[in-house]
Amino acid sequence: MFSFLKISIAQAAVDMTAFGNIVNPLINIIVYPIVQLMFGLAVLYFVWGALQFVLHGSDETAREKGKSTMLWGSVGIFIMVSAWGIIYLISNTVIDLAN
């Protein structure tokens, strides 16, 4: 009975290694560049809002629009940093389980 248990654990380790070998290149080639692009766009959106806020100091509606843009840029930055962390955690968990 114990030898059967050892065989199943060994087979699970091999399956996890194969899964890690498939998933990690996909994460590195596809997902990370997309997250980096979205992070860059969120930063640009925030900077655009800051410029609207500063350059249109006398116009109250433009200042409010700048505040709103900065808020949503900050939300985008937070989401991208969180996504990056979650993907990193999952990627390292798969690598650790494979070893």
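So here's what we get for this one:
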| item | result |
| --- | --- |
| Pick from the range 39-77, criterion of a type in the set (S, T, N, Q) and assigned to a helix (DSSP H, G or I), ranking: nearest to the chain's Cα centre (by Cα) | Ser74 |
| Residues satisfying the stated conditions in the range 57-99, i.e. at pLDDT below 90, closer than 26 Å to Gln36 by Cβ, among the hydroxyl-bearing types (Ser, Thr, Tyr) and exposed (fewer than 15 other Cβ atoms within 10 Å of the Cβ) | Tyr88, Thr93 |
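The values are calculated or read from the model by the stated rules, or taken from the named source; none is laboratory data. Fair warning: this is a prediction, and the values are worked out from it, not measured in the lab. Methodologically, a virtual Cβ is constructed for each residue, glycine included, from the backbone with ideal geometry; neighbour enumeration extends over all protein chains shown.
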